[in-house]
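The structure appears right after this line, and notes come after that.
Rule-based calculations on the coordinates, nothing more; no lab input. In this text the structure is predicted, and so the values were computed from the model without any measurement. Please note: Cβ atoms are built from the backbone with ideal geometry, for glycine as well, and neighbour counts cover all protein chains shown.
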Amino acid sequence: MVVSSGVGGVISVLSAYDTFKEKGWQHLSPFSIAMLMPNGSAGWIGIEIGARAGVYSTVSACASGAEAIGYGIEMIRCGRADVVVAGGTEAPIHPLNIAGFAAMRALSTRNYEPQRASRPFDKGRDGFVIAEGAGVVVLELARHAAARGAVVHAVAAGIGYSADAHHIAQPERTGAGIIAAIQHALADAGLDAEEIVHVNAHATATPVGDVVEGQALRAGIGAHAGQIAVSATKSMTGHLFGAAGAVEAIATVLAMRDGVAPPTINLDDPDDEVGVHACTEARELRPRTRRPMAALSNSFGFGGHNVVLAFTAA
């Protein structure tokens with residue numbers, strides 16, 4: 001059981017503090033601590049489903065949900081569990097969080113047109129849109145899934161990790177860490193670059209981040225990058241922070257299952273500097289080799305965390 005969050009129960013903290021300040025400690029909920037601790041979501045879900053192989057929360061900012069899935073894969077590989085529930089959850093919409101990101105100049109200011117504010121890879125992008133949600137996958141050892149007749153949607157084939165060791169919030173401009181994570185994921189999954197038909201990009205719609213990721217994708221995948229269907233689903237969901245990597249991993253799995261890459265909306269004027277071409281409409285996916293088609297899901301977090309998950313069609 002691995003469920004993560006980027007900022008934890010921050011709203012619970014703020015609400016509890018207001019109650020404490022205005023009414024005193026006697027009026028605090030006895031669940032205040034359980035609601036604010038970063039591992040709270042994993043703990044509660046683990047109790048609910050009876051997870052006994054281990055309950056964990058990986059905290060790596062916006063890469064948390066993807067890293068949770070990666071950790072779950074490793075739990076199965078090393079024999080600690082046959083089945084792992086893994087993902088991320090986040091509920092960050094609060095004036096303090098919005099103000100903090102606004103002070104960083106990380107948010108879009110397209111307030112007059114909110115439905116079009118999230119614009120990954122577009123020349124007019126000016127920051128991300130805060131969102132909240134959750135996503136969870138069930139990871140299972142192949143023979144265990146077969147024995148119980150489970151429906152397999154895709155294969156969790158590989159993981160790539162790296163760290164920029166550069167800046168607490170800004171990406172490293174050469175994209176070296178992202179390139180390393182992509183290449184580690186390919187190697188871990190035993191994939192050749194030509195087998196990748198789809199990438200769900202991290203693509204938050206920040207001016208620098210999208211360019212670094214696009215150029216790193218081209219460098220990490222090589223000559224086949226131009227043939228890949230790239231999707232930036234944050235254009236539709238907004239930025240889910242600790243849940244983003246999990247929700248985007250699910251979108252990648254469904255793309256493999258259904259053979260269709262989701263579109264990137266609000267992409268009216270693609271930025272040539274990005275170096276890859278994102279789908280503006282749903283695009284059919286087909287394998288380019290005799291092996292099953294494969295896809296990557298990218299997640300990067302403040303602090304320089306880079307996580308790339310590789311999936312193949314079932």
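Worth a mention:
- In nm, spacing of pseudo-spin labels at THR19 and GLU74 (7 Å Cα→C-beta vector): 3.6
- Residues in region 102-117 carry Karplus couplings, in order, of 5, 5, 7, 6, 9, 8, 5, 9, 7, 5, 6, 8, x, 5, 10, 6 Hz; the curve used is 6.51 cos²θ - 1.76 cosθ + 1.60 with θ = phi - 60°, and Gly or Pro positions show x.
- MRE, 222 nm, helices only [DSSP H, n ≥ 4, -39500 (n - 2.57), over the chain, to nearest 500]: -10000 deg cm²/dmol
- In order along region 47-54, the phi-based Karplus estimate (6.51 cos²θ - 1.76 cosθ + 1.60, θ = phi - 60°) of 3J(HN,Hα) comes to 5, 4, 9, x, 6, 10, 6, x Hz; Gly and Pro are listed as x.
- Formal net charge of residues neighbouring VAL3 (Cβ-Cβ distance under 14 Å; K, R +1; D, E -1): -3
- DSSP loop trypsin sites (Lys or Arg not before Pro) with at most 10 other Cβ within 10 Å: longest gap in the chain: 149-289
- When the Gaussian network model of the chain links Cα atoms closer than 10 Å, the mean-square fluctuations of GLY209, GLY24, GLY301 top out at GLY24.
- Applying 0.36 nm per residue to the separation of HIS144 and THR280 and subtracting their alpha-carbon distance, the gain on full extension is 45.1 nm.
- Three-way shape call for region 177-314 based on the alpha-carbon gyration tensor, with the a/c threshold at 1.5: rounded
- Under the simplified labelling scheme, the GLU113-ASP82 pair shows an inter-label distance of 5.4 nm, with each label point 7 Å from Cα along Cα→Cβ.
- Net charge of Cβ neighbours under 14 Å - reference SER57; Lys, Arg +1; Asp, Glu -1: -2
- Highest-MSF residue in the chain out of ALA261, ALA106, ALA205 [GNM, Cα springs under 10 Å]: ALA106
- Working from label points 7 Å from Cα in the Cα-to-Cβ sense, the VAL151 to HIS166 distance is 4.1 nm.
- Taking chymotrypsin sites (Phe, Trp or Tyr not before Pro) as exposed when DSSP calls them loop and at most 16 other C-beta atoms lie within 10 angstrom, the chain has its longest site-free stretch at 113-314.
- GNM result for the chain, Cα springs below 10 Å: residue of VAL84, VAL151, VAL260 fluctuating most strongly: VAL151
- Net length available on complete extension from GLN227 to LEU28 is 66.0 nm, with 0.36 nm assigned per residue and the Cα-Cα distance removed.
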